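K.L.:
Just dropping this structure here.
Every read-out reported here was derived from the displayed coordinates using simple, explicitly stated rules and does not represent laboratory data. Computed from a predicted structure; not experimentally measured. Neighbour counts run over all protein chains shown; Cβ positions are idealised from the backbone, glycine included.
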């Protein structure tokens, strides 16, 4: 019995036993094993092109792992994501309806603004708003063979007698 316990103690640690590092940037958990380029896209509102621009502006190697970044670099990343100094075409909310300004929204701001936009479309009874209300596609797709689940028409296919 003692031989088995000694053998188990002498075994090296496996890869699965190691704990994984998670880095938190702007209320988003990012796996530490990811590189900066792909890891920043986990933040809602940051695309690959925005991630590439952030790495370029801060002069951070895109292939560097997120867990290897120091606190100063993480702070700079969060600041530039909150207030990006990028061309207008890279912003995700150009010519905002309320203010008319170009903005870049992230995380919960993006979700809330999208929800308010859909509510506004429903309120003014636009075509897109009515399609949202019915649970139908809003961008002109065909509906004969797709989008047949849920909604008012819950029966799909042919019924047997």
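K.L.:
Using a Förster distance of 22 angstrom, determine the FRET efficiency expected from the C-beta separation of residue 94 and residue 130, and round it to 0.05. Mind dumping the intermediate values first?
P.N.:
On the way: r = 25 Å, r/R0 = 1.15.
Once rounded, the FRET efficiency stands at 0.30.
K.L.:
Give me 86, 71, 36 ranked fewest to most by other Cβ atoms within 10 Å of their Cβ, as a rough exposure proxy. List each step's numbers first, then the result.
P.N.:
Details: 86 15, 71 7, 36 23.
Ordered from fewest to most neighbouring Cβ atoms within 10 Å, 86, 71, 36 come out as 71, 86, 36.
K.L.:
Quote to one decimal, in nm, the extra length available between residue 72 and residue 34 on full extension: 0.36 nm per residue of separation minus the C-alpha distance between them. Intermediate values should be presented prior to the final figure.
P.N.:
Numbers: separation 38, 0.36 × 38 = 13.68 nm, distance 1.87 nm.
My answer for the length gained is 11.8 nm.
K.L.:
Could you please rank 98, 61, placing first whichever residue has the fewest other Cβ atoms within 10 Å of its Cβ?
P.N.:
In order of increasing Cβ crowding within 10 Å: 98, 61.
K.L.:
Still on this structure, I have one more. Please work out the FRET efficiency for the pair residue 112 and residue 62, using the Cβ-Cβ distance as r and a Förster radius of 35 Å; give the result to the nearest 0.05. Don't skip to the answer; put the middle values down first.
P.N.:
Numbers: r = 31 Å, r/R0 = 0.87.
E(calc), rounded to 0.05, equals 0.70.
K.L.:
For 41, 99, 21, what ranking results if the residue with the fewest other Cβ atoms within 10 Å of its Cβ goes first? Each step should come with its number before you reach the end.
P.N.:
Values: 41 17, 99 9, 21 13.
The order, fewest Cβ neighbours first, is 99, 21, 41.
K.L.:
Next question. Cα convex hull of segment 22-88: mean projected area in nm², to one decimal?
P.N.:
Values: hull surface 15.8 nm².
Taking the Cα atoms of segment 22-88, their convex hull projects to 3.9 nm² on average.
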